[in-house]
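Below is one structure, written out as structure tokens, with a few remarks after it.
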Amino acid sequence: MDKQQQNSIMASNDPDLPDPLADLQPGDLIEIFRPAYQHWALYLGDGYIINLTPVDEGPVAAMSSVKSVFSRKAVVRMQLLKEVVGSDSYRVNNKYDHNHTPLPICEIIQRAQVLIGQEVSYDLLGSNCEHFVTLLRYGEGVSEQATRAIGAISLVTAAASAFSVLGLINTRSRNRPF
């Protein structure tokens with residue numbers, strides 16, 4: 001399998017393609033590339049993952065729905081990776097291993113299994129699917145996706161404030177009689 005195939009794998013039933021599950025290890029973080037965002041799951045083994053899905057939708061529909069990003073509650077589900085991925089691409093992405101030590105595999109799997117079927121709070125910026133799987137793998141919830149979003153929101157807020165202040169200054173200077 002070449003580097004490109006390793007970085008982004010499409011789910012496929014083609015027997016001539018290498019088995020993408022062969023390279024997966026229990027405890028791996030799986031990044032799934034949705035059209036408008038990345039969904040995260042944790043690989044359990046035997047083709048199964050654990051991930052968050054919206055409470056009010058069926059498991060398969062939920063994973064392809066943008067609504068899943070805006071939900072306030074989620075359900076922890078164990079599902080087949082190929083069903084969750086559908087026609088999207090995915091990759092193993094243990095990108096936080098360089099600054100967070102993964103917990104022992106047996107502990108990661110045990111922590112995950114205890115949560116299956118549980119309803120949990122969901123917040124795009126503070127408790128999303130990436131936070132969930134990194135909490136299982138490292139004992140600490142981390143989300144680069146949320147950090148980037150918070151940074152973008154801060155930048156937009158700062159720009160809006162600056163334009164507002166500039167608008168006030170400009171309005172005041174036009175209202176001066178001299």
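Any read-out appearing in this document is the output of simple, stated calculations on the displayed coordinates, not a laboratory observation. For clarity, every value in this text was computed on a predicted model and none was experimentally measured. Cβ: placed from backbone, ideal geometry, glycine included. Neighbour counts: every protein chain shown.
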So who's got an amide H within less than 5 Å of the one on Asp28, skipping anything under 5 residues away but keeping other chains? H placed 1.01 Å off N, in plane.
Tyr43
Would you please give the residues with an amide H less than 5 Å from that of Tyr48, counting only those at least 5 places away or on a separate chain, with H modeled from the backbone geometry?
Leu81
When every alpha-carbon pair in segment 81-137 is counted, what percent end up more than 13 Å apart?
72
Suppose each label sits 7 Å from its Cα in the direction of the beta carbon; what would the Asp46-Glu140 distance come out to in nanometres?
3.3
List every residue whose amide H lies under 5 Å from the amide H of Ser89, counting only residues 5 or more places away in sequence or on a different chain, with H placed 1.01 Å from N in the peptide plane.
Phe33
Cut-off 17 Å (backbone N to label point 7 Å along Cα→Cβ of Val114), residues of segment 131-145
132-141
Once phi for every residue in segment 35-49 is put through the Karplus expression 6.51 cos²θ - 1.76 cosθ + 1.60 (θ = phi - 60°), the whole-Hz ³J(HN,Hα) values, with Gly and Pro written as x, are x, 10, 6, 10, 9, 10, 9, 10, 6, 9, x, 6, x, 9, 10
Separation of the Val55 and Ser121 label points, Cα + 7 Å toward Cβ, nm:
1.3
